[in-house]
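Read through the structure below, which is laid out as structure tokens, and then see the notes.
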Amino acid sequence: MRPRRPLDLTIIFLVSATSAAMGKTMVHSMNDNNPLSGVTVLVVEDDLFLAMALEDTLVGMGAVVVDVCHTLDEAMAWADVDDFAVAVLDFSLGSHSVTPLARRLARRSVPFILHTGMSRSKPSLMEWRDFPIVEKPASPHTLVAAIKSVLAREPARSQGRH
């Protein structure tokens, strides 16, 4: 008989009906002491390693990551979906800009932050000067502060739209 390993209930993987229909898995941290506890987040990041690190950071802070999109086409599929409270968007997705998605989210009053390797002073970011722009690499504290600040503008969204 093999010895039993202790059960760690800190992180539980959940699948929502919407996400299951789209073939997506949501990752959720069950630790209520985290600053983003229960906040639903869409992550758009083309670099696989950065996407995984960002997802781990957000989940570690208590967020529910509804999806991680690596292309503009994947992300645009979420543009009119109400299953997330906030989006974390990499500005450059390969040869594309996230601008079409950001514009659609802004029109729908969906909060988002730009998480980019570009300097805030770049002309291509001027359109987004009223939104939080977090330069990579960002500390978990900086990400949380940016997400909380943008959610404070739209308090009804803090746990997602339903």
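Among the residues of segment 68-126, the one identified as hydroxyl-bearing (Ser, Thr, Tyr), touching a residue at least 40 places away in the same chain (Cβ under 8 Å) and either under 22 Å from residue 53 (Cβ atoms) or not in a loop (DSSP other than H, G, I, E, B) (or both) is 92. Any residue in segment 34-49 that is in contact with a strand residue (DSSP E or B) (Cβ under 6 Å, 6 or more places away or on another chain), at pLDDT below 95 and farther than 19 Å from residue 149 by Cα? Among the residues of segment 34-49, not one is in contact with a strand residue (DSSP E or B) (Cβ under 6 Å, 6 or more places away or on another chain), at pLDDT below 95 and farther than 19 Å from residue 149 by Cα, which makes the answer no.
The values are calculated or read from the model by the stated rules, or taken from the named source; none is laboratory data. None of the values given here were measured: they were computed from a predicted structure. Cβ coordinates were reconstructed from backbone atoms using ideal geometry, including for glycine residues, and neighbour counts include every protein chain displayed.
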